[in-house]
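One structure is given below, encoded as structure tokens.
The values are calculated or read from the model by the stated rules, or taken from the named source; none is laboratory data. Since the structure is predicted, the reported quantities are computational estimates derived from the model, not experimental observations. Glycine also receives a Cβ, built like all others from the backbone with ideal geometry; neighbour counts cover every protein chain displayed. Each accessible area value is taken on the protein alone, full model and side chains, heavy atoms only, with ligands, DNA and RNA left out. Shrake-Rupley method; radii C 1.70, N 1.55, O 1.52, S 1.80 Å.
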Amino acid sequence: MSKLGNLGARLHRGEISYDFIGKRKIWYGVSILITITAIIGLAVRGLNMGIEFQGGAVFTTPTKMSASVGQAERYATDASGHEAIVQKLGNGSLRIQIAGIETDQSDRIKQQLAKDLNLDPEKLAADLVGPSWGEQVANKAWEGLAIFMVLVVIYLAIAFEWRMAVAALVALIHDITITTGIYALVGFEVTPGTVIGLLTILGYSLYDTVVVFDSLKEQTKDITKQTRFTYSDIANRSINGTLVRSINTTVVALLPVAGLLFIGGGFLGAGTLNDISLSLFVGLAAGAYSSIFIATPLVADLKEREPAMKALRKRVLAKRAQATAGEGPAEARPAAGDDGDDAATAVVGPRNQPASRTRGRGRPSGKRR
């Protein structure tokens, strides 16, 4: 078995663990800091909305253009009076994008661009997007996101409980804020591909969260019938038990996305891949982080406020204090190196057999005299 696989098995059995829940204030602080940075980026720089949302025009030149990207960008800015984005495509042609212009301005800009680039105007392809269509796309995107959030909360409230639904919603908002903030800080263009990537990573983040929640739900059945572990203890066990699985799925998902972003968009210059690849890369990483460090610790915080969980915690801590002082049974406190199997049995396993069923075992059969 590989070292990572052996580590995962030991984490799952409870032989080793990391106290994620106990250090939750650190994770909350880190998340708040990142979120504030993202919000500042959105407020100061704003999002670089593509022409699909603002309206504008895209001009495509023939192949093997003699003009450089910088020259074409300067020509387009002078001709339109707006900032232009120029990309060199794989076949050698140039893609000139100018946002925020009216459709009736496109003919004049096309003529001027063709003159500056020494082209026949008929060979300069033009695609126009009206601002009303872009506004409609933006509104539909927001509506889709709102419907997605509502359905997620309803599903989790039915499948698990409302506290888990609230925690998952907070984690999703956390992921959206960080991803959009990174877009604002980096300055990448926001296109419909970005929206698709955003919805994709929300589904992935939700999957990671549900995996931990499902483990937590199973392990907390009949939790109040034992006095060995608090809800936070079992929540921590659930995170550790699914930790390696979450890491593996995240790394496997990030590798192809990183190829699109850094090799395709960066090294090879395929800038059209940047819009969706950045949202996927940042969102996948943020989703894995939030499912471990935000969603589950928040559920533990909410559950520990319940009267039953408060009473359980009081009993568990009292029993551990007795064991530490030598006044109680040794099993009241988990021993160092305990593999945790007894813990699972105490919480979700079968109850111990009554003493009457074991009475007389080992005694020779026969009638009493």
Original post:
With respect to the numbered conditions (1) open to solvent by 70 Å² or more (accessible area, probe 1.4 Å); (2) in contact with a Ser or Thr (Cβ under 9 Å, 6 or more places away or on another chain); (3) within 30 Å of residue 311 (Cα to Cα), which one is the sole condition not fulfilled by residue 221?
Top reply: (2)
**OP:** Give me the pairs, please: first residue somewhere in segment 109-121 and within 13 Å of residue 57 (Cα to Cα), second residue anywhere and open to solvent by 40 Å² or more (accessible area, probe 1.4 Å), beta-carbon distance under 7 Å, and either six or more positions apart or on two chains.
**Re:** 110/126; 113/75
Subject >> Of the criteria (1) in contact (Cβ under 8 Å) with a residue 12 or more places away in the chain; (2) part of a helix (DSSP H, G or I); (3) under 27 Å from residue 301 (Cα atoms), which one residue 203 fails >> reply: (1)
Original post:
Which residue out of 143, 135 is part of a helix (DSSP H, G or I), open to solvent by 90 Å² or more (accessible area, probe 1.4 Å) and closer than 28 Å to residue 95 by Cβ?
Top reply: 135
**OP:** Working only within segment 111-131, note down all residues that are open to solvent by less than 40 Å² (accessible area, probe 1.4 Å), assigned to a helix (DSSP H, G or I) and either in contact with a strand residue (DSSP E or B) (Cβ under 7 Å, 6 or more places away or on another chain) or within 17 Å of residue 86 (Cα to Cα) (or both).
**Re:** 113, 114
Subject >> Qualifying residue in segment 150-161 (condition: touching a Lys or Arg at 6+ places or on another chain (Cβ under 9 Å) and of a type in the set (Asp, Glu)) >> reply: yes
Original post:
When the residues of segment 61-85 are filtered to those that are among the hydroxyl-bearing types (Ser, Thr, Tyr) and touching a Leu at 6+ places or on another chain (Cβ under 7 Å), which remaining residue is surrounded by the most Cβ atoms within 10 Å (Cβ to Cβ)?
Top reply: 61
Subject >> Selection status of residue 21, surrounded by 19 or more Cβ atoms within 10 Å (Cβ to Cβ) and modelled with pLDDT of 80 or more >> reply: yes
Original post:
Can residue 234 be described as of a type outside the set (Lys, Arg), modelled with pLDDT of 90 or more, part of a helix (DSSP H, G or I) and out of contact with any Phe, Trp or Tyr (no Cβ under 8 Å at 6 or more places or on another chain)?
Top reply: yes
Subject >> Residues located in segment 145-176, provided they are small (Gly, Ala, Ser) and out of contact with any helix residue (DSSP H, G or I) (no Cβ under 7 Å at 6 or more places or on another chain) >> reply: 146, 159
**OP:** Within segment 266-282, identify whether any single residue is in a helix (DSSP H, G or I), at pLDDT 90 or above, surrounded by 15 or more Cβ atoms within 10 Å (Cβ to Cβ) and not aliphatic (A, V, I, L, M), and answer yes or no.
**Re:** no
Original post:
Any idea how many residues of segment 283-310 are farther than 14 Å from residue 236 by Cβ and not in a helix (DSSP H, G or I)?
Top reply: 2
Original post:
residue 91 versus (1) farther than 30 Å from residue 168 by Cβ; (2) open to solvent by less than 40 Å² (accessible area, probe 1.4 Å): which is the lone unmet condition?
Top reply: (2)
